[in-house]
Amino acid sequence: MASAKKLPSGKWRVLLYTGADEQGKRKYKSFTADSKKEAEFLAAQYNQLHIEVNRSEMTLRAATERYIKSKENILSPSTVRGYYVILKNYLPRLFAVKIKDINQEIIQIAFNDFAKSYSAKTCRNAHGLIADVLKSERPDLHLKTTLPQKSKSDIYVPDAQEIEQIYPLTEGTNIEIPFILATQCGLRASEISGLDVSCVYPDHIEIKQARVDGLDGAVLKKPKSYSGFRSIPISAEIHDILISKADGSRICSMTSTSISSAWGKFRAKHKIDAHCNFHALRHHFASRCLLLGIPQKYIAELMGHNSLNMIEKVYQHVFPSAMAEFAEMLREQDKKFMQHKMQHKNKKLA
């Protein structure tokens with residue numbers, strides 16, 4: 001429910017969203033009163049009556065719009081934006097069905113067809129939104145939809161040699177600072193976009209916020225979990241380059257989406273492996289920490305993870321250059337073992 005705002009006249013007004021017209025334009029109803037509490041009461045009263053009158057004829061689309069609207073001040077702006085993408089672009093026939101007519105068979109048939117063109121993750125995201133809406137509107141309907149199985153994704157982890165070859169190519173480009181912050185500090189694109197000069201110290205950076213894409217453009221938000229707040233050690237050299245190339249109070253003026261887009265163009269231009277998306281640069285930071293012998297729990301803290309799951313995935317990845325070094329170390333150990341054994345045998349013979 002929208003909050004009341006004070007008008008220049010001294011009265012209070014609530015603009016209540018009531019749905020969209022045939023052209024998709026949002027419609028609002030105004031409630032004005034002498035006090036904030038009274039204006040909000042009038043809006044809430046109307047809203048409840050409006051729901052009861054229209055619920056029997058409400059489509060899944062209208063119910064979903066109402067659900068998203070009710071969560072806009074609670075959910076992350078990027079999550080809300082993702083919900084509207086689902087509503088606008090996916091499953092038009094299903095969203096046109098009236099709430100009262102929806103059953104498990106209709107849902108299953110819709111997702112059987114949807115899964116032919118979209119990934120398992122997209123299917124699950126869309127189904128999750130619809131299931132949440134139906135929990136509110138149809139508590140009697142318990143969905144048990146069969147969805148496509150998630151395929152095991154093989155994450156790409158660029159090794160030190162790749163990073164060393166790529167870095168000179170980034171110098172002087174708009175991707176240089178994001179590249180440094182992802183590979184050397186493990187920052188997400190949204191955290192890079194949200195990094196402020198005041199959070200960069202001579203020996204560390206503080207992660208306190210992220211800039212994400214919302215409905216009306218990029219917005220600042222707090223990390224989505226407590227683990228997102230963290231301190232990351234940096235060298236004096238990285239401090240100097242970050243400060244020297246800052247754009248006003250921002251270390252990087254690009255949005256998270258434009259960072260990923262810029263990296264994609266840079267990668268294509270220089271024929272870098274297509275699996276090396278921008279997030280893979282962050283995986284490199286985790287792999288470097290692992291090779292340095294830093295405990296997994298501490299690495300998870302540096303990267304802002306709640307658990308060790310992603311660190312373990314990186315750990316399980318086989319990096320060709322590192323494996324070559326490990327193999328040589330094992331050969332040296334074998335050699336020393338055999339030499340020791342031969343020396344012991346020769347002493348016995350003597």
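Rule-based calculations on the coordinates, nothing more; no lab input. This one's a predicted model, so the numbers in the text were calculated from it and none came from an experiment. Cβ sites come from the backbone with ideal geometry, for glycine too, and all protein chains shown count toward neighbours.
Here are the numbers:
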{"quantity": "Set of lysines near residue 36 by C-alpha distance (under 17 Å), chain-local residues within fewer than 8 positions excluded", "calculated": "5, 6, 11"}
{"quantity": "Integer Hz, Karplus 6.51/-1.76/1.60 couplings in order for region 239-254, x for Gly and Pro", "calculated": "4, 5, 6, 5, 5, 5, 9, 5, 9, x, 8, 9, 5, 9, 7, 7"}
{"quantity": "Value at 222 nm in deg cm²/dmol, rounded to 500, when DSSP H runs of n ≥ 4 in the chain each add -39,500 (n - 2.57)", "calculated": "-17000 deg cm²/dmol"}
{"quantity": "Length gained when the stretch residue 156-residue 135 is fully extended (0.36 nm per residue, less Cα-Cα span)", "calculated": "3.8 nm"}
{"quantity": "Among the listed pairs 224/245; 144/313; 71/135, those beyond 19 Å (Cα-Cα)", "calculated": "224/245; 144/313"}
{"quantity": "Long-range amide H partners of residue 308 with built H, under 5 Å", "calculated": "none"}
{"quantity": "Approximate spin-label separation residue 327-residue 9, in nm, with each point projected 7 Å along Cα-to-Cβ", "calculated": "8.1 nm"}
{"quantity": "Label zone at residue 265, where the point sits 7 Å out along the Cα-to-Cβ direction: region 160-177 residues whose backbone N lies under 16 Å", "calculated": "170-177"}
{"quantity": "Calculated FRET value between residue 306 and residue 221, using beta carbons and R₀ = 25 Å, to 0.05", "calculated": "0.90"}
{"quantity": "Subset of 297/336; 27/100; 221/271 violating a 31 Å alpha-carbon distance limit", "calculated": "297/336; 221/271"}
{"quantity": "Folded to 0 to 90 degrees: helix 104-114 orientation relative to the chain principal axis, Cα", "calculated": "50 degrees"}
{"quantity": "Residue 85 paired with residue 108, simple spin-label distance in nm, labels 7 Å along Cα-to-beta-carbon", "calculated": "3.0 nm"}
{"quantity": "Ranked packing of 330-337, 203-210, 174-181, most packed first, by mean Cβ within 10 Å", "calculated": "174-181, 203-210, 330-337"}
{"quantity": "Debye-sum result for region 160-317 in log10 I(q)/I(0), which assumes one identical scatterer on each alpha carbon, at q = 0.14, 0.15 Å⁻¹", "calculated": "-0.68, -0.79"}
{"quantity": "Degrees, to the nearest 10: 160-170 long Cα axis against longest axis of the chain", "calculated": "60 degrees"}
{"quantity": "Mean-position separation - Cα centroids, region 230-291 and region 136-181, in angstrom", "calculated": "13 Å"}
{"quantity": "Computed over region 198-318: relative contact order in percent, which uses C-alpha pairs under 8 Å that are six or more apart", "calculated": "23 percent"}
{"quantity": "Computed E for residue 41/residue 76 - FRET, C-beta separation, R0 25 angstrom, nearest 0.05", "calculated": "0.25"}
{"quantity": "Placed amide H near residue 19: partners under 5 Å, 5+ positions off or other chain", "calculated": "27"}
{"quantity": "Karplus 3J(HN,Hα) series, Hz, for region 135-142 with 6.51 cos²θ - 1.76 cosθ + 1.60 (x for Gly, Pro)", "calculated": "4, 7, 8, 9, x, 6, 9, 9"}
{"quantity": "Nonlocal amide H pairs with residue 59, under 5 Å, H built at 1.01 Å", "calculated": "99"}
{"quantity": "Stokes-Einstein D for region 1-142, Kirkwood Rh over Cα pairs, 37 °C, 0.692 mPa s (µm²/s)", "calculated": "197 µm²/s"}
{"quantity": "Distance (nanometres) between label positions extended 7 Å along Cα→Cβ at residue 197 and residue 120", "calculated": "4.8 nm"}
